[in-house]
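**Student:** Structure below; questions to follow.
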Amino acid sequence: MTLHTKTTLTAVATTVFSLLSASAVAKSSAPEDIETLTITGTRLPVSLTKLPASVSVLTEQDIAASGAFQLTDLLRGLPGVSLAQSGSPGGLSEVRVRGSESNHLLVLIDGVVVNDIGQSSVIDLSHLTIANIERIELLKGPQSAMWGSGAIGGVLSITTKGANNAEQTPSADISAGIGTQGSYQGSVNIATQADDFSLRAYANYLKTEGDNISRLGNEDDGYDNMTVGLNLGYNINNSHRISATLRNTGYQNEYDPIDFVTTGLPVDGDNITDADQVTAQFGWSYDDNDSAYKAKTTLNYHQDDIDNSTDGAFTTGSTGERIDINHTSFYRTTNWQLAAGGEYLQRFYEQRGLVVYGDPNQRRHDTTTSVFVEANGDLTESLFTTLSARYDDNSEFDNAFTYRAGLTWQLNRHYALFSSVGKAVKAPTFTELYGYFPSTFVGNPDLLPEQSEEWEIGVKARWQDASLQVSAYSAQLEDEINGSVYLAEQQIFTAANVDSESNRNGVDIEAKWDTQWATLSAGYSYLDADQTSFGVETTELRRPRHQGSLSLYSNLGTERFSVYAKLAYTGTHFDTFYPPYPALSQTIALSAYTLGSVNIGYKVSELWQLSLKVNNVFDTEYEDIVGFAGQEQRAMLTASYHFQ
């Protein structure tokens, strides 16, 4: 991107922000009736106002207005979410919720867990493109009582556009875009219904030459992503329905290695990751409108297959698979809902590598059998409660019991108080248990699951044109697994449960205001995350104390134009720098920064639409991780067409 182009984009963006500030007194549309919203991140549908928990919801309209292409663009700035990206699109994107670890967030796509077992159960959200996503819910706090291991920080539930909401007449949506940094994107979405059968198929492609993420050199790190999917549904009769979903993502990502000898920082290099992700589900459901009983059974599958290479030669690889069958029965009375069921899970792990000083190649597996129960209902006209519990029996490590209880008190038609307490667990990863990297790391098969307990109190307010949610929480993590424990006798690192507590305390605030021509949303989070060991308190890494965001959507009082603008602030945070041997590691403070983005839409006709999306409009230089430059300013011009 030339200096002239950057200057022009920055000037346009600044003008847009100014115009939007002046139009904040106008209203784009009537506010959504929040009482109709239900949270699919729970097994029982609950209205947003009654749910005794903090939740952030992004609807299909929110997603379209933002013009985002990757999920990370939407998550940045959400209250309670800390995002650490290693530079260029496709680079590792770690998400921490309320100060928890990056593998303490459970991610679901259409109800299927998609955390990568082969990569320490971390979910790299940089590979989740936005096309065909209908709804995103972030349910914060411990959720293991219903979803099992890994839901310490919360559950991120992603719902794609299903087959059951396809139109009777076949329809299709096609879009294509071209942008800076040699970027291209395209997507197609086809849907139809015929009698009791429904179908939706989609494909989307994203390619970019990327940015130079290292402080030294000028090599850009490119990225390719191809995602295809198919959703099918068939109504056997009025009560029974079967469904199937299949999603495949293949991507190639270029990345820079660390120069451990000279600088300890990233340096230009020919390193490539080739990966393939497969997610599938087959489901049966029973729902008779004349019966209080419902049931659902699903067979779920997810696989991540990753190979890394340097200068064209294979170096390391891993494959993680999980297969689970889940049955849930539901029973409903006038004021209460009950869900009870069981789950059988098998996990498979394969590690691949070159045989040098030892053989890292291995295969492992384990099984978990679980039972769970959840109930919610009205204690009185103004008191609503939720209760859930789960027991996991694992074949390789300690069994676990988790729970969650919550209470909502509706003070009046505008205000509600809520509180909750819960316990969640995170099972040791295959890498922590059995991983082997010659001369550097060996696993520890005697690890215990990590445990976290959290309480939360908050208030929800709803007026005709505005809403507000404020919550305070406190969480304690025990038996935390440290993957960098040095064994002096063997001169190698391993993983171990540490004899210390990790404490996370904070406040999340989320507000929304609808005016005549615009919708204004704001968020803020405060986090105090520290770990105490041997009487010494240290600040947790990559967790900013202060974060905030401000977004504005407006049609400027017209039927054709729409503008979306967002500012996301990330406060000062810390990371560890490992200089070349024999120097000791250092804790580095990374500067605070603010990122701006703009999306301008123009409706050419009822079928055609144009949009211009600009990220990092002020061309801010920043780092989430020591040595990895943040994404540069980028723009994408997209044309969309709807066939009916």
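The values are calculated or read from the model by the stated rules, or taken from the named source; none is laboratory data. These figures come from a predicted structure and were not determined experimentally. Please note: Cβ atoms are built from the backbone with ideal geometry, for glycine as well, and neighbour counts cover all protein chains shown.
**Student:** Condition first: among the β-branched types (Val, Ile, Thr) and crowded, with 19+ Cβ neighbours inside 10 Å. Can you find one or more residues in the stretch 411-426 that meet it? Spell out how you get there, then give the answer.
**Tutor:** Within the stretch 411-426, the subset among the β-branched types (Val, Ile, Thr) is 421, 425.
Narrowing the set further to residues that are crowded, with 19+ Cβ neighbours inside 10 Å leaves 425.
Yes: one or more hits.
**Student:** Next question. Collect the residues in the stretch 424-442 that are part of a loop (DSSP other than H, G, I, E, B) and modelled with pLDDT under 90, keeping them in residue-number order.
**Tutor:** Gly435, Pro438, Ser439, Thr440
**Student:** Right, another one. List the strands (runs of 3 or more DSSP E) inside the stretch 103-201, counting only whole elements, that have at least 1 residues being crowded, with 24+ Cβ neighbours inside 10 Å and among the basic types (Lys, Arg).
**Tutor:** 133-140
**Student:** Look through the stretch 190-235, keep the residues that are acidic (Asp, Glu) and more than 16 Å from Asn271 (Cα to Cα), and return whichever of them is farthest from the chain's Cα centre (by Cα).
**Tutor:** Pass one, the stretch 190-235, residues acidic (Asp, Glu): 195-196, 209, 211, 219-221, 224.
In the following step, the residues that additionally are more than 16 Å from Asn271 (Cα to Cα) were identified as 195-196.
Numbers: Asp195: 36, Asp196: 33 Å.
That would be Asp195.
**Student:** For residues that are on the phi < 0 side of the Ramachandran plot and over 25 Å from the mean Cα position of the chain (by Cα), tally how many sit in the stretch 467-512.
**Tutor:** Total satisfying the criteria: 17.
**Student:** Can you tell me which of (1) out of contact with any Asp or Glu (no Cβ under 8 Å at 6 or more places or on another chain); (2) under 24 Å from Val122 (Cβ atoms) is the one Val356 doesn't meet?
**Tutor:** Going through (1) out of contact with any Asp or Glu (no Cβ under 8 Å at 6 or more places or on another chain); (2) under 24 Å from Val122 (Cβ atoms) one by one, Val356 breaks only (2).
**Student:** Can you tell me which residues in the stretch 522-544 are within 20 Å of the chain's Cα centre (by Cα) and either in contact (Cβ under 8 Å) with a residue 24 or more places away in the chain or over 22 Å from Val57 (Cα atoms) (or both)?
**Tutor:** If the condition is that a residue be within 20 Å of the chain's Cα centre (by Cα) and either in contact (Cβ under 8 Å) with a residue 24 or more places away in the chain or over 22 Å from Val57 (Cα atoms) (or both), then Ala522, Gly523, Tyr524, Ser525, Leu527, Leu541, Arg542, Arg543, Pro544 are the ones that fit.
**Student:** Which condition from (1) under 29 Å from Ala191 (Cβ atoms); (2) assigned to a strand (DSSP E or B); (3) among the hydroxyl-bearing types (Ser, Thr, Tyr) is the one that Ser605 breaks?
**Tutor:** Ser605 satisfies every listed condition except (2).
**Student:** Next up: Limited to the stretch 236-257, what total is found for residues that are in contact with a Phe, Trp or Tyr (Cβ under 8 Å, 6 or more places away or on another chain), surrounded by fewer than 20 Cβ atoms within 10 Å (Cβ to Cβ) and either outside any strand (DSSP E or B) or not charged (D, E, K, R) (or both)?
**Tutor:** 5
**Student:** Can I ask one more? Residues in the stretch 384-410 that are assigned to a loop (DSSP other than H, G, I, E, B) and of a type in the set (D, E, K, R): how many?
**Tutor:** 2
**Student:** Return yes when Leu468 is hydrophobic (A, V, I, L, M, F, W, C) and part of a strand (DSSP E or B) and no when it is not.
**Tutor:** It is true that Leu468 is hydrophobic (A, V, I, L, M, F, W, C) and part of a strand (DSSP E or B).
**Student:** Determine whether the stretch 282-303 contains at least one residue that is surrounded by 15 or more Cβ atoms within 10 Å (Cβ to Cβ) and in contact with a Leu (Cβ under 7 Å, 6 or more places away or on another chain).
**Tutor:** Yes; the residues of the stretch 282-303 include at least one that is surrounded by 15 or more Cβ atoms within 10 Å (Cβ to Cβ) and in contact with a Leu (Cβ under 7 Å, 6 or more places away or on another chain).
**Student:** Only one of Arg76, Arg43 is basic (Lys, Arg) and either modelled with pLDDT under 90 or under 24 Å from Ala176 (Cβ atoms) (or both); which?
**Tutor:** Answer to the selection: Arg43.
**Student:** May I pose another question? Which count do you get for residues in the stretch 585-644 that are crowded, with 19+ Cβ neighbours inside 10 Å, of a type in the set (A, V, I, L, M) and closer than 30 Å to Ser484 by Cβ?
**Tutor:** 4
**Student:** Another one. Is there a residue in the stretch 313-332 that is outside any strand (DSSP E or B) and either touching a residue at least 24 places away in the same chain (Cβ under 8 Å) or among the aromatic types (Phe, Trp, Tyr) (or both)?
**Tutor:** Of the residues in the stretch 313-332, the ones outside any strand (DSSP E or B) are none.
Looking through the stretch 313-332, none of the residues is outside any strand (DSSP E or B) and either touching a residue at least 24 places away in the same chain (Cβ under 8 Å) or among the aromatic types (Phe, Trp, Tyr) (or both).
**Student:** Got at least one residue in the stretch 474-492 being touching a residue at least 24 places away in the same chain (Cβ under 8 Å) and among the aromatic types (Phe, Trp, Tyr)?
**Tutor:** There is no residue in the stretch 474-492 that is touching a residue at least 24 places away in the same chain (Cβ under 8 Å) and among the aromatic types (Phe, Trp, Tyr).
**Student:** It is to be established whether one or more residues within the stretch 508-518 are touching a residue at least 12 places away in the same chain (Cβ under 8 Å), under 30 Å from Ser439 (Cα atoms) and charged (D, E, K, R).
**Tutor:** No - not one qualifying residue is present in the stretch 508-518.
**Student:** For the stretch 47-100, give me every one of the strands (runs of 3 or more DSSP E) that falls completely inside it and has 1 or more residues that are touching a Pro at 6+ places or on another chain (Cβ under 8 Å).
**Tutor:** Qualifying strands (runs of 3 or more DSSP E): 55-58, 81-85.
**Student:** Further question on the same structure: Answer with yes or no whether Thr380 is of a type in the set (Val, Ile, Thr), out of contact with any His (no Cβ under 7 Å at 6 or more places or on another chain) and either buried (at least 18 other Cβ atoms within 10 Å of the Cβ) or closer than 20 Å to Ser318 by Cβ (or both).
**Tutor:** Criteria not met by Thr380.
**Student:** If you check Gly269 against the conditions, is it surrounded by 16 or more Cβ atoms within 10 Å (Cβ to Cβ), modelled with pLDDT of 95 or more and under 30 Å from Thr319 (Cβ atoms)?
**Tutor:** No: the conditions fail for Gly269.
**Student:** Among the residues of the stretch 580-592, is there at least one that is farther than 30 Å from Asp259 by Cβ and either touching a helix residue (DSSP H, G or I) at 6+ places or on another chain (Cβ under 7 Å) or touching a residue at least 12 places away in the same chain (Cβ under 8 Å) (or both)?
**Tutor:** There is no residue in the stretch 580-592 that is farther than 30 Å from Asp259 by Cβ and either touching a helix residue (DSSP H, G or I) at 6+ places or on another chain (Cβ under 7 Å) or touching a residue at least 12 places away in the same chain (Cβ under 8 Å) (or both).
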